[in-house]
Amino acid sequence: MQNDTGQDIKAEKLHSDPLSWVEKYADYLYGFAMSRLRDEEVAKDLVQDTFLAGLQQAERFKGNSNEKTWLTAILKNKIADFYRKRSSGGLKELKEKDAVQEQQDFFDADTGHWNEKYRPQAFGLEVDNPLLMKELGAILNGCLSKLPGLWFSVFSMKHLDDLASELICSELKLTSANFWVIMHRTKLNLRACLQKNWN
C-alpha cells in the first residue's frame, strides 16, 4: 500500500528516529517510572536504560505498535527486573495454606471484598466534590509512598497496569502464596493509613 508520495506506508511505520526519543518520550517515561518506583534517581536510570535498550533493539521494532508503546513496554520490563533483583531472598517462602488462611480471615474468597468484621469504616466521602477527591488522592499517594518497594511494585502492577497475578509472579519471581500475602498486607496497610489520615 502506498501513500500520496508513492512511499510504502509499512516502511514509513517501521521508520524509527532514536534521535527524537528523548524530546518526545523522556517526560512521559520518567513520569511512568516515578509512578511505579517513587525514586527519582532509579527512575532516571531506568529511562536511560530504556533508551539504550531501544537503540540496541531498534532493528526488531516491527511497527506493530507506536514507538511510545514499544518504549513503555521496554521500561516495564526494566522496572520488573529492578524489583526482581531487589526482591530475591527478600521474602521468605510461605506455605500456600498459610497464605490462603491469612487471606480468608480478611477477604471473601469468591469476591475478594472485605469480610464484614474487617470492612473499612465509611469515609463519608462526597464523590462529586473535586476538592475532597483531590485531598483523598494526595493522602492515598502518601500512603502508597510508605509501602515497601516490592509491595508497591506488586500493587501497582496489579492495579495500575492491570496485569494478571500469574504474570506478576512470573515477572517478580514470586510464589502464588507470596503474591497473595503481599497483596493482603498491602491492603491492610493502605486501609490503616487511610483511616488514620482521613478525617
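The values are calculated or read from the model by the stated rules, or taken from the named source; none is laboratory data. Note that the coordinates shown come from a computational prediction; the quantities given were computed from them, not determined experimentally. Cβ coordinates were reconstructed from backbone atoms using ideal geometry, including for glycine residues, and neighbour counts include every protein chain displayed.
I'd like the full set of residues that are among the small types (Gly, Ala, Ser), surrounded by 12 or more Cβ atoms within 10 Å (Cβ to Cβ) and assigned to a helix (DSSP H, G or I), limited to region 16-30. Let's see the steps before the verdict.
Of all residues in region 16-30, those among the small types (Gly, Ala, Ser) come to 16, 20, 26.
Remaining after also requiring surrounded by 12 or more Cβ atoms within 10 Å (Cβ to Cβ): 16, 26.
Across region 16-30, the qualifying residue is only Ala26.
Can you tell me which of Leu136, Leu131, Leu46, Leu55 is farther than 20 Å from Asn189 by Cβ, outside the structural domain of Lys24 (by TED's automatic domain parsing) and either modelled with pLDDT of 75 or more or of a type outside the set (Gly, Ala, Ser) (or both)? Answer to the check: Leu131. Here Glu67 meets each of (1) of a type outside the set (Ser, Thr, Tyr); (2) surrounded by 18 or more Cβ atoms within 10 Å (Cβ to Cβ); (3) touching a Pro at 6+ places or on another chain (Cβ under 7 Å) with one exception, condition (3). Listed by first and then second residue, the pairs linking a residue in region 173-192 that is closer than 13 Å to Phe107 by Cα to a residue that is buried (at least 20 other Cβ atoms within 10 Å of the Cβ) and modelled with pLDDT under 85, with Cβ atoms under 6 Å apart and 6 or more places separating them unless they lie on different chains, are Trp180/Ala99; Val181/Ala99.
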